Each structure stands twice: as structure tokens, then as C-alpha cells.
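Asker: The structure's right below; bear with me while I get my questions together.
The values are calculated or read from the model by the stated rules, or taken from the named source; none is laboratory data. Since the structure is predicted, the reported quantities are computational estimates derived from the model, not experimental observations. Cβ: placed from backbone, ideal geometry, glycine included. Neighbour counts: every protein chain shown. The area values use the complete protein model at the heavy-atom level, side chains included, leaving out ligands, DNA and RNA. Shrake-Rupley method; radii C 1.70, N 1.55, O 1.52, S 1.80 Å.
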Amino acid sequence: MSQPDQPQPYQSFGTPFEAPPEPRLPWAKAIAVTVAVFVVAGAIAGWAWQRFSPLAQYTVDERGGSLGEEQMTKVFGPDGTFTAIGFLTALVLGAALFWWLRNYGPWVVGIIAVGSVLGGGVAWGVGMLLGHDPLQPRLEHAKPGDLLDAPLELHTWTPVAAWLVGAALAAAVIAAASWRSEPVATDALPPASEGSPQVH
């Protein structure tokens, strides 16, 4: 008698299908690590934002302070610096964390997104704490001809979104690069060779 057809094992790209490895940490610890990484990075980024942002300078006169044409071009310097630092930081961290947590399923994208937004908020807070010096009190004590740096600040919340964009882009690129087709079940036996004996 001929043997009944037996279903063949699942295969993907000609190799036996293997289940993904189990996550190395419990969910709670994975979330805690992600948040901690973004908080620390946000603090460092906030310091860098305060340290390297180009600030416009006000020239003090009898009426207060004014900006010349050249200084007007520096008004949005802190916004650009914050955007660049945030995007690059989130891009690197998002890629590293998504690769490390890739076995946790699609929810890891949400964890990284929340962490990146938190990192952006921490960066803004640290930068403002270190470098935001209100202009009006300094104008009251300045003399005509003095140059005063503009306060470190963001003129819009768009730069904070650069953290989210960088992290999401990194996750999307890595997910696309590591994507594999779903395994396909095959239940047909390979055809018998011409020389194989026939069983009746």
C-alpha cells in the first residue's frame, strides 16, 4: 500500500522555520530600561543644547534692547540646534533599542515612541534650567551699548517632535530591513523519481 501524504514542516526561504527567541527581560524591566535610557540621553542632550546653541545678541540703548539684521538670523538658532540634537539622538537610540527589543512584538514601537517623547521633554527642561535667563531683568541693569544674549528657548514645540520622528524612523528602517516573509505550509510530497519502484 502507498503511504498517505504527510504534511511537510513549515519552511521560510528554503530553511526550517524557527520560532523567535524568547525576550531576555520581563516587560516591566524592558520598559524601565527604555525610559531610563531616554531620560539620561535627554539630560545630556539638554546640556548640549544649552552649550552649543547660537544665541542672538541684543544691543542695549535708551529704549531697551534691539536686534540688528545679522542678529535676527540667530533668533531661531536654539530651535535648529534642539531639532538636530534630538533627531540624531533619538535615531541612534531608537535603532539600538528597537533591535534589542525586537522579540517583544509590535508593542515595542509604542514603548520607544513614548520614551523618545519623554527624552525630548527632559532635554527641553534641562536646557531651560541651565540656560534660560530672562531678558527683561538684565535689560534693567544694563547700560547703553551693552550686548545681552537672548534667552535660550524654543519658539515652537515642533523641535520636540524631532525626537519622536527620529525614533520612529529608526524603528521603521530596521523593521523593514529585518522583515521576513511569513512561513508557508506545504503538504505535497516531492514527486517520485522515474526509477523508483511502484507499489500496487
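Asker: Write out, first by first residue and then by second, each pair whose Cβ atoms fall under 6 Å of each other, whose residues are 6+ apart or on separate chains, and whose first residue, in region 151-163, is within 18 Å of Arg51 (Cα to Cα) and open to solvent by less than 30 Å² (accessible area, probe 1.4 Å) while the second is aromatic (Phe, Trp, Tyr) and modelled with pLDDT of 95 or more.
Answerer: Every condition considered, the pairs that remain are Pro159/Phe82.
Asker: So which pairs qualify, if the first residue must be in region 42-55 and open to solvent by 50 Å² or more (accessible area, probe 1.4 Å), the second must be of a type in the set (Ser, Thr, Tyr) and part of a helix (DSSP H, G or I), the Cβ gap must be under 9 Å, and the two must be at least 6 apart or on different chains?
Answerer: Ile44/Thr89; Phe52/Thr81; Pro54/Thr81
Asker: Among the numbered criteria (1) open to solvent by 50 Å² or more (accessible area, probe 1.4 Å); (2) under 18 Å from Gly115 (Cα atoms), which one does Phe82 miss?
Answerer: Condition not satisfied by Phe82: (1).
Asker: A follow-up question, please. Which number in (1) small (Gly, Ala, Ser); (2) within 15 Å of Leu91 (Cα to Cα); (3) more than 15 Å from the chain's Cα centre (by Cα) marks the one condition that Gly127 misses?
Answerer: Going through (1) small (Gly, Ala, Ser); (2) within 15 Å of Leu91 (Cα to Cα); (3) more than 15 Å from the chain's Cα centre (by Cα) one by one, Gly127 breaks only (2).
Asker: Sticking with this one: Restricting to region 85-107, name every residue that is without any contact (Cβ under 8 Å) to a residue 40 or more places away in the chain and either in contact with a Lys or Arg (Cβ under 8 Å, 6 or more places away or on another chain) or open to solvent by 40 Å² or more (accessible area, probe 1.4 Å) (or both).
Answerer: Matches in region 85-107: Ala96, Trp100, Pro106, Trp107.
Asker: Looking at the structure I just gave you, is Leu147 of a type in the set (A, V, I, L, M), surrounded by fewer than 16 Cβ atoms within 10 Å (Cβ to Cβ) and touching a residue at least 60 places away in the same chain (Cβ under 8 Å)?
Answerer: yes
Asker: Right, something else. So in region 133-143, with the set limited to residues that are free of Cβ contacts under 8 Å to residues at least 40 places away in the same chain and surrounded by fewer than 16 Cβ atoms within 10 Å (Cβ to Cβ), which one is nearest to Phe52 (Cα to Cα)?
Answerer: Asp133
Listed here are the residues, each with its yes/no results for (1) acidic (Asp, Glu); (2) modelled with pLDDT under 90; (3) over 28 Å from Ala36 (Cα atoms).
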{"site": "Pro137", "(1), (2), (3)": "no, yes, yes"}
{"site": "Glu140", "(1), (2), (3)": "yes, yes, yes"}
{"site": "Leu154", "(1), (2), (3)": "no, no, no"}
{"site": "Leu164", "(1), (2), (3)": "no, no, no"}
{"site": "Ala185", "(1), (2), (3)": "no, yes, yes"}
